[in-house]
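The values are calculated or read from the model by the stated rules, or taken from the named source; none is laboratory data. The shown structure was predicted, so the numbers you read here are calculated from the model rather than taken from an experiment. So basically every Cβ, Gly included, is an ideal-geometry build from the backbone, and we count neighbours across all protein chains shown.
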Amino acid sequence: MGPVTELLARDSTRGRLTLTAVTLGSGIAILDGSVVNVALRTIGTELDASLEQLQWVINGYMLALASLVLVGGALGDRFGRRRIYLWGMGWFLVASALCAVAQTPGQLIATRVLQGIGAALLTPGGLAIIQSVFRREDRAAAIGVWAGLSGIAAAIGPFVGGWLVDNGGWRWIFGINVPLCVAVMAITLWATPESRDETPRTADEGSGHGFDVLGGALTVVSLGALTYALTSSATMSRGLLVAVGVLAVVAAAGFIVVESRSRTPLVHLSLFGDRVFSAANAMTFVVYGALGVVFFILVLQLQVSAGWSALSAGLTGLPATVALMLLSSRASQLSERIGPRIPMALGPIVCAVGVLLLLPAGRGATWWTVLPGLVVFALGLALLVSPLTSTVLAAAPDRYAGVASGVNNAVARAGSLIAVAALPALVGLSGDDYLDPTAMTSGFRASMVICAVLLTAGGVVSWFGLANTRHPASVPAPESAGPEPTQLDA
């Protein structure tokens, strides 16, 4: 495929196929972040795993993704977004196959970390490709499709996982990724043009393709130490807990110092000088932290305390799937007309109401017990997802599309990672408590209240942080945005 001289139209053949490839690929990675939740009880029983080990089955993936998604975004901007996206898909394929044959909790945790590395390479690439290879007038609609279908992937994960667990065993939730990854790689190779940041570097930025290895390492150390401290706090000595906590803080401070001085930083801290970008990411952190806990603990609660099958518990994702499918594009259009402030403030608060309506989900719970809360929660989720994505990308210069996408993905995954690591111990769940209906119900209800508070806080942050914002596409790019990308390599 030779070089192309103009950006893709969304309704062209290559445009449709490119959007299909990046949406499906991102969806696979997002799906694996949620599909495992519904299989946790079965995995725990078959592999004789503790609650802490089950947390690490989730958190090992999220830790690698949250720590390295910035690296993935920066690599794509520098060395080619399609190239890194394909590398990520290939890595994810191999790691998924290894997860499917794991024989012990330790093996599964290790292969989940490998899977998260592949996800970190491909996740920011999908959104950055949309921002870079589509015409400006088509980007908002393309992002709306991507956001809606990606949200559906996260919501449908428990349903898919439940069906696979009940009909084939938990190993199939990883094995099914292999043919899907092959299909995505084939479509991407045929239809998607290459793009990268071609803006000439200033003397301060340096030349060539240097890479911020130290910044990436500090990210891994900081999030890894914090996750370990939160997950293992109940079994660690006080001295070790303090030491690990200090390490996390020092590494985080070191990351900020390194990024502010590096000539080729992973994160251009100047992005956070934009109030909209900072507010949207702050909202992302608290909201996705709450969402991570809800999806983690609800399916466990319904299986352990209410006696639901894995498939029945997985079906709780259906209302969110339907709402995202039907309403994401409308939410995007609403944000275009009135600006992102109201959808991004109201959405989390509606989610909080839905979470509180789930409090009765205990022993003897039926679909009529949980359906009202699930529907309200789904409506709030559909209201916030598309406007959030468009707002974050529109607030950053085009040349930093991969970095901006990586930052928002990292913030979302870090919020979920930290919340899932901290909440069980905070509400008194540990060891084999996930098999005790009484302990599980008590912990579940305390978790739901905390999640409702976090979601409400996210709405408040959006209301004040996004004041006086217009439709994201109308927000002018900073002067440093560089020229509109019109030359793409195939």
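Among the residues of segment 290-301, at least one is at pLDDT 90 or above, under 18 Å from the mean Cα position of the chain (by Cα) and either small (Gly, Ala, Ser) or over 22 Å from Thr438 (Cα atoms) (or both). From (1) under 22 Å from the mean Cα position of the chain (by Cα); (2) surrounded by fewer than 24 Cβ atoms within 10 Å (Cβ to Cβ), pick out the condition that doesn't hold for Ala74. Of everything listed in (1) under 22 Å from the mean Cα position of the chain (by Cα); (2) surrounded by fewer than 24 Cβ atoms within 10 Å (Cβ to Cβ), Ala74 misses just condition (2). Residues in segment 445-452: is at least one of a type outside the set (Val, Ile, Thr), over 22 Å from Leu388 (Cβ atoms), buried (at least 23 other Cβ atoms within 10 Å of the Cβ) and modelled with pLDDT of 85 or more? Checked segment 445-452: at least one residue is of a type outside the set (Val, Ile, Thr), over 22 Å from Leu388 (Cβ atoms), buried (at least 23 other Cβ atoms within 10 Å of the Cβ) and modelled with pLDDT of 85 or more.
Considering only residues that are under 18 Å from Ala422 (Cα atoms) and assigned to a loop (DSSP other than H, G, I, E, B), which ones fall in segment 212-264? Answer for segment 212-264, where residues must be under 18 Å from Ala422 (Cα atoms) and assigned to a loop (DSSP other than H, G, I, E, B): Ser232, Ser233, Ala234, Thr235, Met236, Ser237. Answer with yes or no whether Arg78 is in contact (Cβ under 8 Å) with a residue 24 or more places away in the chain and out of contact with any helix residue (DSSP H, G or I) (no Cβ under 7 Å at 6 or more places or on another chain). It is true that Arg78 is in contact (Cβ under 8 Å) with a residue 24 or more places away in the chain and out of contact with any helix residue (DSSP H, G or I) (no Cβ under 7 Å at 6 or more places or on another chain). The residues of segment 85-118 that are within 21 Å of the chain's Cα centre (by Cα), farther than 23 Å from Trp190 by Cβ and in contact (Cβ under 8 Å) with a residue 24 or more places away in the chain, listed by number, are Cys99, Leu108, Ile109, Ala110, Arg112, Val113, Leu114, Gln115, Gly116, Ile117. Could you tell me whether any residue of segment 119-129 is part of a helix (DSSP H, G or I), surrounded by fewer than 24 Cβ atoms within 10 Å (Cβ to Cβ) and either of a type in the set (Gly, Ala, Ser) or touching a residue at least 12 places away in the same chain (Cβ under 8 Å) (or both)? No, segment 119-129 contains no residue that is part of a helix (DSSP H, G or I), surrounded by fewer than 24 Cβ atoms within 10 Å (Cβ to Cβ) and either of a type in the set (Gly, Ala, Ser) or touching a residue at least 12 places away in the same chain (Cβ under 8 Å) (or both). When residues in segment 310-360 are screened for being outside any helix (DSSP H, G or I) and touching a helix residue (DSSP H, G or I) at 6+ places or on another chain (Cβ under 6 Å), 4 of them pass.
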